[in-house]
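Engineer: Take a look at this one; I'll ask things after.
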Amino acid sequence: MITKSGHTVDEIYYRANKLININYHSGDKQNGDFGNVTLVYKNNIVTPELAYRSPNSSKTESLNEKNLSDFSYGGIYQATFFQDIATYPDQYFQ
């Protein structure tokens with residue numbers, strides 16, 4: 001969905017808290033528009049997390065049903081600068 005909407009995927013981070021952050025941009029990487037999508041991994045299912053949702057919408061909606069911007073707070077996620085303060089999963093998708 002990200003690339004189909006004309007964006008480029010930059011980094012993907014899988015966090016120990018079962019969140020997956022996907023950074024993307026459109027346009028020139030130096031001056032482009034940056035965004036992110038957060039996915040939640042739970043019970044062997046990956047679902048997108050809406051950034052802002054109305055009280056009448058479900059918490060997990062399909063990326064195909066909404067605009068990509070509905071899943072992004074803007075900006076990007078970064079890896080930790082200091083490895084000692086980061087918590088990484090021991091094994092992916094336990």
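Every number in this text was worked out from the coordinates using simple rules, so none of it is lab data. Everything numeric here is computed off the predicted structure, so don't read it as measured data. Please note: Cβ atoms are built from the backbone with ideal geometry, for glycine as well, and neighbour counts cover all protein chains shown.
Engineer: Filter the range 20-50 down to residues that are within 16 Å of Y77 (Cβ to Cβ) and surrounded by 15 or more Cβ atoms within 10 Å (Cβ to Cβ), then give me how many there are.
Structural biologist: 16
Engineer: In addition: Mind listing whichever residues of the range 34-54 are more than 12 Å from F71 (Cβ to Cβ) and either free of Cβ contacts under 8 Å to residues at least 12 places away in the same chain or out of contact with any strand residue (DSSP E or B) (no Cβ under 8 Å at 6 or more places or on another chain) (or both)?
Structural biologist: Hits for the range 34-54 are K42, N43, N44, I45, S54.
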